[in-house]
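The values are calculated or read from the model by the stated rules, or taken from the named source; none is laboratory data. A quick note: this is a predicted structure, and the numbers were derived from the prediction, not measured. Cβ atoms come from the backbone with ideal geometry, glycine included; neighbour counts cover every protein chain shown.
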Amino acid sequence: MKIKLPGLVKSEFFRNVFTLISGTTLAQIISLAIYPVLSRMYTPEDFGVFALYMSILTITNVLATAKYELAILMPGKDRDGLNLVGLSCLITVGVSLVLLALVLLLNRKLALALGNESIAVWLYLIPASTFLNGLYQSLNYWSIRNKRFRNITLANLSQSLANSSVKLAGGALVAGPFGLILGALMGQIAGFLTFLLSFIRKDQDKLRQIHKPEMRKLAKEYYRFPKFNMMLAINNSISNSLPVFVFTAWFSAAITGLYSFGITMIFRPMSMVTTALRQVLSQRIISKVNQGQPILSDVSRLFIKMLQFSILPFGLVAVFAPLIFRVVFGPDWETAGEYTRILIPWLYVVFLSAPFAFLPDLFREQGKALVIDIIKLILRALALFAGVYYGDIFVTLFLLSGVSTVVLIYQIYWYFTLAKRQELKLEGEKKIETTDFTQSFTQEG
């Protein structure tokens, strides 16, 4: 039976997506609206240091929870989900303390290894940022589990407001990347406090349900998340951060800044949509799988809609990116538009694949997901170092975009394979049940 579009739009799924997108859109509009000002306050070198800081944080954030926050959605009982929140937060505390010790002991050596001594002073903020992000993610997934999408929207909005206002104030008062990095930290604080206040108000009485034996039991039950998902996330974080590390060490901080600025201008609006879709779709799909219902039609329908609505905006950016960057951000940033145009094929496929990235977790295929991501990392590394060998940033970006696009296209194909396999399995089980019932009925007759 076909589902009519008006009924689909009025469904709970699309209402939840709209709730997330509407609030997140406002948050992203605020963040993006200040960039024409930020681009005139900060230099490409400042954005290069900021990109290096955020790349380090991307990797430490993976360690912060050992990826147990992803498991919060999986158990049938809320009590188990809550104990996974406790487990994730406990791991975050331990990881943050270890990072603090490393930064205090090896600050200068780490900065030299990263190829930019000016990052040294900002490394002291990495443990605090990692701590805040770990708690934020744990409470975020608890909110997804409980369908508190308005709360997620409010957290995103408060994070964006704090982040943007501090970046503007910092850029006006202090030269260098101070405002950019402090803004990111203050945004994390604001987002975390929003989740924390909601948790205290709605779930404080449930804290007594958190117990160490249950956390240990769940840690063993969901061992695949640190074993595969954490390794997958670390691998993916290194893969995404590798261009920043390579450009900083072998080209310049300015090139790093131009690259990261262009990526940010695409990823911000793109992630607004994909994150909302993934958060709502994951809750819906997991529920249907637990109920023994097929999901291929949901996956196919969403993918087709994304294809239809995204081809035009990505095509326009591919053609006019340098002009857009020159007019909006100033002539110093036209090169960032040229970089972005080269990367559009990769970014487009990221957009199409991101909402479905939870499917390997759901079907416990994290092992293959890790293998695919390792292959992607190796290919991206080869592409980057081939570009370094030629000493040409444009050749480097072409190679990086090409290999990334090919791997992600295969990944999308694999996601559809997982959904199709689940449907075939359900059909097989239904046939067996029907056969058993028929045989039983015949024998009784």
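What the table shows:
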| read-out | value |
| --- | --- |
| Scope region 386-419; condition in contact (Cβ under 8 Å) with a residue 60 or more places away in the chain and either closer than 17 Å to residue 355 by Cβ or not assigned by TED's automatic domain parsing to the domain that holds residue 296 (or both); matching residues | 408, 409, 412, 415, 416, 419 |
| Failed criterion for residue 69 (all others in (1) charged (D, E, K, R); (2) under 22 Å from residue 260 (Cβ atoms); (3) crowded, with 20+ Cβ neighbours inside 10 Å hold) | (2) |
| Residue check, residue 144 over 18 Å from residue 32 (Cα atoms), assigned to a helix (DSSP H, G or I) and not basic (Lys, Arg) | yes |
| Selection status of residue 319, crowded, with 18+ Cβ neighbours inside 10 Å and not in a loop (DSSP other than H, G, I, E, B) | no |
| Options 207, 185, 218; residue that is under 28 Å from residue 257 (Cα atoms) and either among the hydrophobic types (A, V, I, L, M, F, W, C) or in contact with a strand residue (DSSP E or B) (Cβ under 9 Å, 6 or more places away or on another chain) (or both) | 185 |
| Index of the failed condition, residue 162 passing every other in (1) surrounded by 20 or more Cβ atoms within 10 Å (Cβ to Cβ); (2) more than 26 Å from residue 48 (Cα to Cα) | (2) |
| Flag for residue 29 being outside the structural domain of residue 273 (by TED's automatic domain parsing) and without any contact (Cβ under 8 Å) to a residue 24 or more places away in the chain | yes |
| The listed residue being in the same structural domain as residue 33 (by TED's automatic domain parsing) and in contact with a Lys or Arg (Cβ under 8 Å, 6 or more places away or on another chain), out of 170, 187, 179 | 179 |
| Qualifying positions in region 235-261 - farther than 17 Å from residue 382 by Cα and surrounded by fewer than 20 Cβ atoms within 10 Å (Cβ to Cβ) | 252, 254 |
| Among the candidates 138, 165, residue that is in a helix (DSSP H, G or I) and under 25 Å from residue 59 (Cβ atoms) | 138 |
| Every residue from region 249-265 that is more than 13 Å from residue 397 (Cα to Cα) and hydrophobic (A, V, I, L, M, F, W, C) | 249, 250, 253, 254, 261, 265 |
| Subset of region 287-301 (residues that are surrounded by fewer than 18 Cβ atoms within 10 Å (Cβ to Cβ) and part of a helix (DSSP H, G or I)) | 287, 288, 289, 290, 296, 297, 298, 300, 301 |
| Inter-residue pairs, beta-carbon under 8 Å, first basic (Lys, Arg) and in region 95-118, second crowded, with 16+ Cβ neighbours inside 10 Å, 6+ apart | 108/120 |
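Table: residues versus (1) at pLDDT 90 or above; (2) part of a helix (DSSP H, G or I); (3) surrounded by fewer than 20 Cβ atoms within 10 Å (Cβ to Cβ).
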position	(1), (2), (3)
13	no, yes, yes
23	no, yes, no
83	yes, yes, no
98	yes, yes, yes
